[in-house]
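We did not get these values from a lab; they are worked out from the coordinates using the rules stated. The shown structure was predicted, so the numbers you read here are calculated from the model rather than taken from an experiment. With ideal geometry, Cβ positions are generated from the backbone for all residues, glycine too; neighbour counts draw on all protein chains shown.
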Amino acid sequence: MLSLVGTLPLLLMLTATTFFYCLGALYDERRDRSILFWKSLPLSDTHTVLSKVITVTIVAPLIVIGVSTATAVLLVLFAGVIAALNGVNVFGALLTNPIILLAPLRALGMLPVYLIWALPTVGWLLMVSAWARSKVFLWAVGVPVIALVLVKWIVYVLGAGHAALTLMETVVVRILFGLVPGSWLGGEASAMDGRGGQITIERVSSLLSESWTSLATPGVWVGAVAGMAMIYAAIRLRRFRDEG
């Protein structure tokens with residue numbers, strides 16, 4: 001049985017690695033003064049910051065897709081060898097299984113969706129990384145969480161403003177969890193593993209279509225524009241930030 005949970009460690013590693021990479025990308029270079037070296041190179045602040053964005057949203061996911069594909073191939077070969085030792089030939093069935101063969105292509109098909117959904121988080125973390133003089137994690141995570149708690153408290157006291165609370169919750173989720181692969185799918189992916197324990201080609205295909213359908217909502221593009229604005233702010237902050 002194939003399970004989506006098998007890729008969970010890689011996805012968690014991707015999320016954690018890219019999150020903290022963005023968080024320290026512009027802060028660490030000021031702290032250790034390596035920014036002086038980078039600024040001596042013929043690279044503009046725009047090129048430097050955008051290279052970090054590309055690393056997080058394209059290069060890192062491609063590496064994870066490559067590693068997961070190689071791991072899947074090894075597991076398939078291992079399962080085939082074990083079955084062959086027991087007198088059962090399953091290589092034909094495994095190597096012609098469309099779910100296995102098309103999995104890397106479907107993952108690549110979700111990459112543009114991941115990039116768009118990740119922009120608010122990438123922009124927010126890079127902007128904070130370029131701005132904060134210390135305790136960058138507390139600024140990046142603490143500020144939105146405290147703001148959300150305050151809004152919830154105000155709504156509770158006034159008994160009104162639930163629309164503002166919903167908006168604030170959406171903003172916090174978008175700027176903190178956009179780097180989680182498949183975050184736009186909600187419970188759809190987990191539901192696939194729970195429907196009879198069987199993953200069919202139709203269910204796997206529905207993930208790809210569901211991913212692209214998520215781009216039809218205006219909020220996704222508002223978040224993407226906000227993310228690009230924060231990336232621009234990070235570029236400007238890197239250019240003019242003076243750490244003395």
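Quick notes on this one:
- From the largest down, the range 47-87 spans 57, 9, 5 angstrom on the principal axes of its Cα atoms.
- Between residue 28 and residue 152, the FRET efficiency from the beta-carbon distance, with R0 = 25 Å, is close to 0.15.
- The simple spin-label model puts a point 7 Å past each Cα toward its Cβ; for residue 50 and residue 84 those points are separated by 4.9 nm.
- Per-pair calculated FRET efficiency, R0 = 30 Å: residue 209 and residue 77 via Cβ, rounded to 0.05: 0.50
- Net dipole in debye of the range 4-240 [+1 Lys, Arg Cβ; -1 Asp, Glu Cβ; about Cα centre; nearest 20]: 800 debye
- Placing unit charges on each Cβ (+1 for Lys and Arg, -1 for Asp and Glu) gives the range 4-240 a dipole about its Cα centre, and among 86, 166, 47 the Cα reaching farthest toward its positive end belongs to 47.
- Pair-distance distribution P(r) for the range 4-240, from all Cα-Cα distances in 5 Å bins starting at 0: 1, 6, 11, 14, 15, 14, 12, 9, 7, 5, 3, 2, 1, 0, 0 percent.
- Ordering of 126-134, 209-217 by packing [mean C-beta count within 10 Å, highest first]: 126-134, 209-217
- The Rg/Rh ratio for the range 79-134, using Cα coordinates for both the radius of gyration and the Kirkwood hydrodynamic radius, is 1.43.
- For the range 4-240, the relative contact order works out to 33 percent when only alpha carbon pairs closer than 8 Å and six or more residues apart are counted.
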